[in-house]
Amino acid sequence: MRALFLLAVASLVPALGGHAEVKDSGADHLLIVNTRTIHASPDKVYAALTDIGHWWDSEHTYSGDAANLSMQPSAGGCFCERWGAQSVAHGRVIWANPGHLLRLESALGPLQGMAVQGVMTFALKPAGDGTTLQFEYRVNGSGSSALDQLAPNVDGVLMAQLGRLQQFVETGKAAALKP
């Protein structure tokens, strides 16, 4: 329930750190895209991406502490959260190409309990003195999923996370971004 509340609250906060767009949504699907330039090499961006416990916002975890997050960046690897006797698999790596691409099967937060399928892709391309990060999150489910109603909230949470990733890569810190 905490994650659902936080997802709703996130919709009240403007998305930061790049042009975000709910590209498409319907009751049974949503597609969120974002492209941004990060001032670091693709290898550095990829390394930071997989060091998720250092940039993911603790407010969007079940344990309340992003330090409990980990990701094994190889096919079948878990994007997991572990604390005490509890654990949550937030996603599973389905394609890892260091410095180029990271793809996860992932139904985040309240989507996990809805029996939907999500695929999250981070594509990295050299761009001048930095990296173009092309992000895409596709979720599909039944018509009763009402994903079109959740899309703006999911977008808000993910764009805040990408802003934190960018800040972490460029400054070494992932402090909360101010509107």
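No lab work stands behind these numbers, since they all come straight from the coordinates. Every value quoted in this text rests on a predicted model; they were computed, and no experiment measured them. Every residue, glycine among them, receives a Cβ derived from its backbone with ideal geometry; neighbour counts consider all protein chains shown.
Things to note:
- Distance between the C-alpha centres of region 103-179 and region 73-92: 17 Å, rounded to the whole angstrom.
- For region 15-90, the gyration tensor built on C-alpha atoms gives an oblate shape. Its axis ratio a/c (a ≥ b ≥ c) is at least 1.5, and a/b is not larger than b/c.
- Scaling the Cα radius of gyration of region 2-171 by the globular reference 2.2 N^0.38 Å produces a ratio of 0.97.
- Net charge over other residues, Cβ less than 13 angstrom from the Cβ of Ala48 (K, R count +1; D, E count -1): 0
- Candidates Gly77, Gly128, Gly118, ranked by Gaussian network fluctuation over the chain, Cα under 10 Å, top entry: Gly128
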